């Protein structure tokens, strides 16, 4: 976990820098990605896709997921596991 300083600076963990080949003086790119921030190392610029292209990729992923679920035989119903979701909130606590 990195902290942001009063100057809005962030220290990159050495393991991450080594893994992605980031060295002192390199420029990294910060991109908003929904509710998170994506850090793009040098030379790894993500392609900019049009909304139509992104929608096609999303639709293709949705179709692949449906096919996977059919192959596994998922019916969408949860089998009886012998416990209920509510049990998770009281398990191990004195009643």
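Every number in this text was worked out from the coordinates using simple rules, so none of it is lab data. All values reported here derive from a predicted model rather than from experimental measurement.
Ratio of alpha-carbon Rg to the 2.2 N^0.38 Å globular estimate for region 1-43, to two decimals, please.
Dividing the Cα Rg of region 1-43 by 2.2 N^0.38 Å gives 1.20.
Tell me, in nm to one decimal, what length is gained between residue 55 and residue 9 on full extension, where the rule is 0.36 nm per residue of separation less the Cα-Cα distance?
13.1 nm
Quick one: plug the Kirkwood hydrodynamic radius of the chain (C-alpha pairs) into Stokes-Einstein at 25 °C, 0.890 mPa s, and report D in µm²/s.
Answer from the Stokes-Einstein relation: 129 µm²/s.
Run the helix sum for the chain: -39,500 (n - 2.57) per DSSP H stretch of 4+ residues, divided by residue count, reported at 222 nm to the nearest 500 deg cm²/dmol.
Counting only the DSSP helices, I get -10500 deg cm²/dmol.
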